[in-house]
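Read through the structure below, which is laid out as structure tokens, and then see the notes.
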Amino acid sequence: MTERVLPLVVRIERAAPPRRTDALEAAATAVPRLLDHAENAENGDGWGEEIAEWQDGRIRKVVRRARGAEWRRALALPGITVTVRTAEVRVHPPVPLDDWPRDLARLQVSGTDLADDAVPPEPGPDDVVLWINPRLTMTAGKAMAQAGHAAQFAWWGAGEADRAAWRGGGFAVRVRTAGPDRWDALAGSGLPVVRDAGFTEIEPGSATVVADAPWLRAGVPEV
């Protein structure tokens, strides 16, 4: 079986970089949109084989940055573009780990240090919320990949009605950093927890994000 990785490209122009939270939410939204496209595509045009092979493995995701002509070349490749407020992210079908398309392989992984200029609002009770571990330091690119994993957990845990409702909202998510007490409660609640393989930035096995959605809370204590 070919080991595959999911490429996510974030547009970061020098003069107008996106806000960090917007970039995280765009990346996380892109994952269920891709999975939904593959599941519902007609005539075999949804990259189903590539996605199935990728999901049978480690669901690795790599975030790279692009601007100007680099971004335009990324747009010319197969994929889906997601825009969330100031952020644009393009998700491409999974590629072999050691055989990326040239126009993606040449993009940089570093340089994704983004910031927010205001505190994001508190999410609502019906939102899909991806809670980040406050005790970890991650670049925006690393956090985008981790949020994407959590969104995938939420997708896997959703029934048909849940997915239909989520689809109706554009697969929107909220990504927030939990306070220490909230994180401890969430991480021990039974909700899905992303644990990193430790390839970059943080220690293997680190709990990075908790996925919280209305359909994931059945039987889970209120936190």
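When segment 23-73 is described by a simple charge dipole with +1 on each Lys and Arg Cβ and -1 on each Asp and Glu Cβ, the residue from Gly48, Val63, Leu35 located farthest towards its positive end is Val63. Phi angles of segment 122-128 translate, via the Karplus equation with coefficients 6.51, -1.76, 1.60 and θ = phi - 60°, into HN-Hα couplings of 5, x, x, x, 9, 6, 7 Hz per residue; Gly and Pro are given as x. Between Trp155, Pro94, Met138, the Cα set farthest toward the positive side of the dipole of the chain (charges on each charged residue's Cβ, about the Cα centre) is that of Met138.
Here the relative contact order of the chain, from alpha carbon pairs under 8 Å that lie six or more residues apart, stands at 26 percent.
Only Lys, Arg, Asp and Glu carry charge here, each on its Cβ (+1 for the first two, -1 for the last two); on that basis segment 43-97 has a dipole of about 520 debye about its Cα centre. Rounded to the nearest 20 debye, the dipole size of segment 29-74 about its Cα centre is 660 debye, using +1 on the Cβ of Lys and Arg and -1 on the Cβ of Asp and Glu.
Were the residues from Ala76 through Asp56 laid out at 0.36 nm apart, the gain over their Cα-Cα distance would be 4.4 nm.
The slack in the chain from Trp156 to Asp127, taken as 0.36 nm per residue of separation less the alpha-carbon distance, amounts to 8.8 nm.
Taking amide hydrogens as placed 1.01 Å from N in the peptide plane, the amide H of Ser206 sits under 5 Å from those of Asp196, each at least 5 positions away in sequence or on another chain. Rounded to the nearest 20 debye, the dipole magnitude of the chain is 740 debye, with +1 charges on Lys and Arg beta carbons, -1 on Asp and Glu beta carbons, and the Cα centre as origin. Between Ala15 and Ala165, the FRET efficiency from the beta-carbon distance, with R0 = 35 Å, is close to 0.35. The calculated FRET efficiency for Val119 paired with Asp184, based on their beta-carbon distance and R0 = 22 Å, is about 0.55. Adding -39500 (n - 2.57) for every DSSP H run of four residues or longer, then dividing by how many residues the chain holds, sets the calculated 222 nm ellipticity at -10000 deg cm²/dmol.
For Ala172 and Glu203, a Förster radius of 22 Å and the Cβ-Cβ distance give a FRET efficiency of 0.10, rounded to the nearest 0.05.
Rounded, prolate or oblate, given the Cα gyration tensor of segment 97-139, with a/c below 1.5 counting as rounded? Prolate, since a/c reaches 1.5 and a/b exceeds b/c.
Rule-based calculations on the coordinates, nothing more; no lab input. In this text the structure is predicted, and so the values were computed from the model without any measurement. Every residue, glycine among them, receives a Cβ derived from its backbone with ideal geometry; neighbour counts consider all protein chains shown.
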